[in-house]
Amino acid sequence: MNSKISLLALVVLLLSACQQAPLHKKATVVFYNVENLFDTIDDPAINDDEFLPEADKKWNTERYTKKLEDLSRVLGTVNSEELPEIIGVCEIENRQVLEDLATTPPLSDGKYQIVHIDSPDKRGIDVGLLFRKGEFKLMHQEALLVDPGFATRDILYVYGKLGKDKIHLFVNHWPSRWGGTEQSEPNRLVAAQTLKNKVDELLAENPDAKIIILGDMNDEPDNKSLAETLTAAAPNTTSELYNLMIPLDEQHQGSYNYRGNWNMIDNLIVSGALLSGSGFVVTDQLGAVFHRPWMEYRNKSGEMSPKRTYGGPNYYGGISDHFPVYFQLNWQ
């Protein structure tokens, strides 16, 4: 009788453990500026004229298909063991290009679902989110308006469950440095403050909220928007938000190369609850820049940069002018 009771107790414990654990004990989160992923169809509501077959860039179905295949290959290679659970992107024209990307192998194996909201950006470029069905459950989506005095990208806010964890996700593409860093900085401060207001609201409701911030901020970790307004600090310090790209930035690495200089303008930021405690936590408390030789361009001096699709009207046939950034989560 005692052996039967012990066996029954063991079965109960195993069932309880299975109910508490997520489907997978690891998850990969990626952000990628995909460099002007436009379709070839004219949309009179936005300024997409340069990405049409008759334009100087001669953007056609063949080039569009190649770019989709290249981007899918990159995203499908970030984790050699499985496809990423969550992918944030920017510089996409519309929902359709995300659907096309999600159905291009190898991403097509992931059965990705899409979160996209049209932004007021005059060029029509938006941010978006892909997540694997069965791994992340969408509960809420919202566009946070960024208003520096002109039409720019919204911040996409997504709330859902990754395994058993409730996760708040923000996908960003802050105003560019057009006109110079100092002149354009106030625009990015508006974006940073918009995000900060929402983050403060979430942390006031729950100090242990699990928050993930992805994006091309067009600012580096030590710039005012990130370091002071958002107060995203290094993982080994005390703060509410932590920028996982600071250690690599301090080593002069980057995700974007401007005139031979590496810039860490693609940032991954998390709340403290994702660095320690139970549930999903960030592996090694670090983010990473992903690149392989087939994603790279080397000049005559051997200096490497991302292999871009266009330089002005010139078609180079590359993938993107940015490298993707990512981090991994482990279940504790």
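Just so it is clear, none of the values below were taken in a lab; they were calculated from the coordinates. Here the structure is a predicted model, which means the values were calculated and not measured. Here the Cβ positions follow ideal geometry from the backbone for every residue, glycine too, while neighbour counts run over all protein chains shown.
Of note:
- Which of F170, F31 has the fewest Cβ neighbours within 10 Å, and the rest in rising order: F170, F31
- Solvent-free Debye scattering, log10 I(q)/I(0), computed from the Cα coordinates of segment 48-107 at q = 0.21, 0.28 Å⁻¹: -0.87, -1.26
- By other beta-carbon atoms within 10 Å, ranking T309, T40, T238 with the fewest at the front produces T238, T40, T309.
- With contributions of -39500 (n - 2.57) from each DSSP H run of at least four residues, the per-residue ellipticity at 222 nm computed over the chain stands at -7500 deg cm²/dmol.
- Sorted ascending by nearby beta carbons within 10 Å, beginning with the fewest, E85, E240 become E240, E85.
- Legend: Rg and Dmax of segment 237-326, from Cα coordinates, 15.9, 50 Å.
- The trypsin sites (Lys or Arg not before Pro) of segment 237-303 meeting both criteria, a DSSP state outside H, G, I, E and B (loop) and at most 15 other C-beta atoms within 10 angstrom of the site's C-beta, are R259, K300.
- Close amide H partners of E85, meaning residues 5 or more places away or on another chain with modelled amide H under 5 Å apart, are T28.
- The magnitude of the dipole of the chain, with charges of +1 and -1 set on the Cβ of Lys/Arg and Asp/Glu and taken from the Cα centre, is near 1160 debye.
- Set the Cα radius of gyration of the chain against 2.2 N^0.38 Å, with N its number of residues, and you get 1.04.
- Convex hull volume per residue in cubic angstrom - Cα atoms of segment 16-119: 107
- Restricting attention to segment 27-331, close to 80% of DSSP beta bridges with both partner residues there are antiparallel.
- Ordering L162, P221, P186 by Cα displacement along the dipole of segment 157-257 toward the positive end leaves L162 in first place; charges were set at the Cβ atoms of Lys, Arg (+1) and Asp, Glu (-1).
- Share, in percent, of DSSP beta bridges within segment 175-332 that are antiparallel, nearest 5: 90
- Measuring how big segment 89-246 is from its alpha-carbon positions, Rg and Dmax come out at 16.0, 45 Å.
- Here K164 is the anchor, and the aspartates and glutamates within straight C-alpha reach of less than 20 Å, apart from those fewer than 8 places off in the same chain, are E82, E85, E135, E205, D208.
- Taking the Cα atoms of segment 91-156, the ratio Rg/Rh between the radius of gyration and the Kirkwood radius comes to 1.03.
- Straight Cα distances below 30 angstrom link K58 to the lysines K66, K67, K122, K300, K307, with same-chain residues fewer than 8 positions distant left out.
- In angstrom, the C-alpha Rg and Dmax of segment 181-275 are 13.3, 44.
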